[in-house]
1. How high is the relative contact order of the chain, given as a whole-number percent (alpha carbon pairs under 8 Å, six or more residues apart)?
2. When the accessible area of the chain is computed with all protein chains present and a 1.4 Å probe, what percentage of it is carbon and sulfur?
3. For helix 94-108, report the angle its Cα long axis makes with the longest principal axis of the Cα atoms of the chain; keep it between 0 and 90° and round to the nearest 10°.
4. Take the alpha carbon gyration tensor of the chain, find the square roots of its eigenvalues, order them as a ≥ b ≥ c, and report rounded if a/c is under 1.5; if not, report prolate when a/b exceeds b/c, else oblate.
5. Per DSSP H run of at least 4 residues, take -39500 (n - 2.57); add these up for the chain, divide by its residues and hand me the 222 nm value, nearest 500 deg cm²/dmol.
6. What angle, in degrees between 0 and 90 and rounded to the nearest 10, separates the Cα long axis of helix 22-40 from the longest principal axis of the Cα atoms of the chain?
7. In region 49-126, which trypsin sites (Lys or Arg not before Pro) fall in coil by DSSP and have 12 or fewer other Cβ atoms within 10 Å?
8. Helix 200-249: angle to the longest alpha-carbon principal axis of the chain, degrees 0 to 90, nearest 10?
Amino acid sequence: MGLVVLFFGHAWLARGVADAERKHAVYFLAGLAAMWVALETPIDTISDQYLDSVHMLQHLLLGFVAPPLLLLGLSPAMAGRLAQVPAARALTEPLSAQVIAAVVMVAWHLPPLYDATLRNEELHIVEHLTFIGAGVVLYWPVLQATSEHARWRMSPGAKLVYLLLATLPQDGVALALIFSRVPFYEYYAHAPRLIEGFSALIDQTIAGAVLMILGKVTLGIAAVVVFFRWFGVEHSADRGIESAMRVRRS
């Protein structure tokens, strides 16, 4: 139901906007597809009942794969409309976005909260919504169409540092999971084993590796795009200067 609401909300947002293109719809649908995979496939069942490692994959899909795709589905004018929502600009400024994303990442992976979400469906839904929301505010200052509406527009170099800093909360949680010698989460310590010998501790170690590796991949892709756009602009500027100098000499 939520995905349907988002779909029609995007269509409404695009109405009367001159710069909305087909590619924006494609990106937005890809973001919805990532959320559907996380929430409506066996990933959801396995993560809720058996494996922490699959649960971590679900969190990455919701927090680091779907959000940038959803934001790529916005044209500058569409993003401008959303930026007019009260508090939207304040929440999506680089500093506040980093703090929100870090708090969401660390807090929900603390054992008491993590176990509570697995035993309370309403709380679990809140957790998923906050991961999606935190991902949106984290990527908002980085992507071109949305960053145009920030009060502080970061340079490409600042965006690369910003994305590097965004990996630190991931790494903190991931390292704790990887190097712990006891299971953090009571729920998974008593969950049925799908594979004989695949203990809760092994599952937890894999969960940490999934977070560290795949989390960096998602942020790394954004960093690569920022870098090559920056390089392209600088290269074009250098060629323009060289062309101007040749004209003067001739």
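The values are calculated or read from the model by the stated rules, or taken from the named source; none is laboratory data. Since the model is a prediction, treat every value here as computed from it, not as a measurement. Every residue, glycine among them, receives a Cβ derived from its backbone with ideal geometry; neighbour counts consider all protein chains shown. For the accessible areas, the whole protein counts, side chains as well, though only heavy atoms, and no ligand, DNA or RNA atoms are used. Shrake-Rupley method; radii C 1.70, N 1.55, O 1.52, S 1.80 Å.
1. Rounded, it is 23 percent for the chain.
2. Numbers: 9400 of 13400 Å².
Taking all protein chains in place, the chain shows 70 percent carbon and sulfur surface.
3. 10
4. Since a/c reaches 1.5 and a/b is larger than b/c, the shape of the chain is classed as prolate.
5. -25000 deg cm²/dmol
6. Its long axis makes an angle of about 10 degrees.
7. In loop regions of region 49-126 (DSSP not H, G, I, E or B), there are no sparsely surrounded trypsin sites (Lys or Arg not before Pro).
8. 0
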